[in-house]
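In what follows, a single structure is set out as structure tokens and then discussed.
Please treat every number below as a calculation from the coordinates, not as lab data. Keep in mind that this is a model prediction, so the values were computed, not measured. So basically every Cβ, Gly included, is an ideal-geometry build from the backbone, and we count neighbours across all protein chains shown.
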């Protein structure tokens, strides 16, 4: 109880969250600018190096590798550790894989790798440059998680792994995304930076043309766009897949996809193309199939009359065949601080690191040489009077006595004396003395060379340059990703849409169907407690407008609605973003955009509002002036022109402003000079449509009828000589003449047409 203390909760949360955030950033998610690795990747490579798994060794079970990593260095999940190892072995994920995998390590189709008990791995030849000189005191070590072993803080990588292989990760409030680059280009840029330290990103880009992804493709960015991204460390690279046209017999052709953008799932890409074909959004495209083996080959069949360039332009826009790779150069600087760096800063940090590594390596080698020279000096002294040394040893009764006699007589120190006593007898020959003298000469020359290098910063940079030249010569390869500026082929999406009649069926509960052919509407089946609301006969090139109780209209091209083969259709909420409690009240079809906005809409079929019916050709009935009336349950309404409607997003467009518990109950084309309105409690009114205000934007409208404590049951456009049918909750109907209801101005409470029964709707 005596150790308890009181602390402010907010202060504690801030401190603990900051600790967690920093731990995530530094220990998990961001790579180090020096070796380009995160801790998990560094530990895997270090463990494999300690297990002797170089490029010349046999493959070892991945389970053994993962066990070594988890048991000694990385006390986290085995699945995440194995995934990290798998990524380093995938040639479609890394430009220069660091692990040589044997077995199923996944595919471009998103297939999962085999379990680690089935796969094997070892280090690749290029990984030797990442781990070289690790045991020569080139980098600092720290205790592992249980303080029983040591692990490197950073690997002494000779290759700029952060640039050549890239990296990605998401931390707390910070993320990184580095693309891979061509090794030869990066090495050339680093060498030029050594030769001319005062450079800009633009100078480096004379060598580094841009990212070089393992899956190739084409980069569409201009040089100016890439330079801006490299200077700021933030931007995006637009990648496009590569394709060609193959000629077939009888004048037919087919498109072959040979490369896809980096990180795109090939199976999902093909699935998306297949969906476009099934939905007939691109009718000239008839089939897609995957004929890939170790190389990508996706075949697209299309009609011979189609323009393949326009087809591909459509696919580039609507699929991941053209995608963006985000650039975000957040990483850990040598002091451990996270920061977004430019390309120049990344290169400079790496070169500074290489200079530091080489300096530490030379100092380490110098210490070993001096120690060896010290021993060789002792050997030389002993061999100059070998007979005396042998007599002293033979006359001694113990090793200690021999040690003391030799040290006293020849004036050598303890280490030299011990090394002499450990010399095997076969080395006590004249030839061995020559070898010792030769070795001493060579070591002295090497000592002089190393001291000369350490004394000159220019010579150290020459060592760095020489190493970079060596790696460039051994591991250079051709660029895979092409840098190209391609002009987009202009096309009109409407050109791809076939003129095809379609029927759209909407239920009261919001289930929508699109059918090519429809028989008797009475044979349509609906879910329990659901029934028909509206039927439209339209064309695939037209628009369909869905009106809802929230006063919102959702307008989409008819061809965007999926065809229904069986069942009750699709819920309207899956096509548009409906709010909670939002219900459909009706729909209408609009002319195709290229037919002009003055063409009238064609409301057809049966609705609860009693819409006019058009003939089979969709022609408008007499009197339709391309103007519609919307009415709310609280008696508000206004007229709006058809030209006010156009295609919307999935979120729709507000057309009627509603307050409190009000809701839109329907809309009708303005085809008559009067409108009949009735409330649920039996009052009705007839007003002239010319008294109703016209709005071009969204609004509340004017009060058409005051329903009092009731709500409007419905409304209908009428002539004064017409009759209307009132549908009651009892199931019985009542027909009345419009003349029997007094003609009033808007805003009236109306007259009583039913005293006892509740009106449900008007027909």
Checklist line | Helix axis angle, 266-278 relative to the chain longest principal axis, alpha carbon, degrees | finding: 20
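With the cut-off at 17 Å, report for the range 355-475 the share of all Cα pairs above it, as a whole percent.
Working: 4682 of 7260 pairs.
So the pairs more than 17 Å apart make up 64 percent of the total in the range 355-475.
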Margin query: If you average the alpha carbon positions of the range 641-718 and of the range 105-160, how far apart do those two centres end up, in angstrom?
Written below: 70
Item checked: the range 404-492 - Kirkwood radius from inverse mean 1/r over Cα pairs (Å) -> 19.6
Check: So what is the 222 nm mean residue ellipticity for the chain from helices alone, if each DSSP H run of at least 4 adds -39500 (n - 2.57) and you divide by all residues, rounding to the nearest 500 deg cm²/dmol?
Finding: -9500 deg cm²/dmol
Item checked: Set of the range 412-456 residues, backbone N closer than 15 Å to the point 7 Å along the Cα-Cβ line of residue 466 -> 445-456
Margin query: Among (1) 14, 29, 21, 17, 13, 5, 1, 0; (2) 16, 44, 27, 12, 1, 0; (3) 13, 28, 25, 20, 8, 4, 2, 0, only one was calculated for this model; which label is it, if the read-out is P(r) over Cα pairs in 20 Å bins from 0, in percent?
Written below: (3)
Margin query: For the chain, take the longest principal axis of its alpha carbons; what is the angle in degrees between that and the long axis of helix 183-195, to the nearest 10 within 0 to 90?
Written below: 60
Checklist line | Protection proxy ranking of 53-60, 333-340 - average other beta-carbon atoms within 10 Å, highest first | finding: 53-60, 333-340
Note to self: If I stretch the segment between residue 651 and residue 531 completely, what's the gain in nm (0.36 nm per residue apart, minus their alpha carbon distance), one decimal?
What the structure shows: 40.6 nm
Notebook entry, point to check: Where the centre of each part is set by its Cα atoms, how far does the range 273-302 sit from the range 204-229, in angstrom?
Noted result: 29
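Could you check how many percent of all C-alpha pairs in the range 285-330 are farther apart than 16 Å?
Details: 584 of 1035 pairs.
Everything past 16 Å amounts to 56 percent.
Expressed as cubic angstrom per residue, what is the convex hull volume of the alpha carbon set of the range 677-733? Display every interim value, and only then the final one.
Working: hull volume 6.0 nm³, N = 57.
Cα convex hull per residue, to the nearest whole number: 106 Å³.
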Next item on the list: Using the 2.2 N^0.38 Å rule of thumb for compact globular proteins, work out how the range 620-725 stacks up: its C-alpha Rg over that value, please.
Entry: 1.07
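Under the definition of Cα pairs under 8 Å and six or more residues apart, what whole-number percent is the relative contact order of the range 242-320?
Working: 103 pairs, mean separation 24.2, N = 79.
RCO, the range 242-320: 31 percent.
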Next item on the list: Over the chain, calculate the relative contact order: mean separation of alpha carbon pairs under 8 Å at least 6 apart, over the residue count, as a percent.
Entry: 9
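Taking every pair of alpha-carbon atoms in the range 437-563, give the share separated by more than 19 Å as a whole percent. Show your work: numbers first, answer last.
Values: 5826 of 8001 pairs.
Of all Cα-Cα pairs in the range 437-563, 73 percent lie more than 19 Å apart.
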Note to self: If I model a spin label at residue 374 and residue 14 as a point 7 Å from the Cα along the Cα→Cβ vector, what separation in nanometres do I get?
What the structure shows: 5.5
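Over the range 313-460, what relative contact order in percent results from Cα pairs under 8 Å that are six or more residues apart?
24
When a/c reaches 1.5 or more, the comparison of a/b and b/c decides; with that in mind, is the range 242-320 rounded, prolate or oblate per its Cα gyration tensor? Can you show the working numbers first?
Working: a/c = 1.71, a/b = 1.20, b/c = 1.42.
Judged from the Cα gyration tensor, the range 242-320 comes out oblate (a/c at least 1.5, b/c at or above a/b).
Counting residues in the range 53-139 as N, plug N into 2.2 N^0.38 Å and put the Cα Rg over that result.
1.11
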Next item on the list: Given the peptides 677-686, 114-123, 146-155, arrange them by the average over their residues of other C-beta atoms within 10 Å, most packed first.
Entry: 677-686, 114-123, 146-155
Next item on the list: Could you tell me how many degrees, from 0 to 90 and to the nearest 10, lie between the Cα long axis of helix 39-50 and the main elongation axis, the longest principal axis, of the Cα atoms of the chain?
Entry: 40
Notebook entry, point to check: Over the C-alpha atoms of the range 95-159, what are the Rg and the largest Cα-to-Cα span, Dmax, in Å?
Noted result: 15.7, 43
Next item on the list: Place the peptides 179-190, 647-658 in order of packing, highest mean first, counting for every residue the other Cβ atoms within 10 Å and averaging per peptide.
Entry: 179-190, 647-658
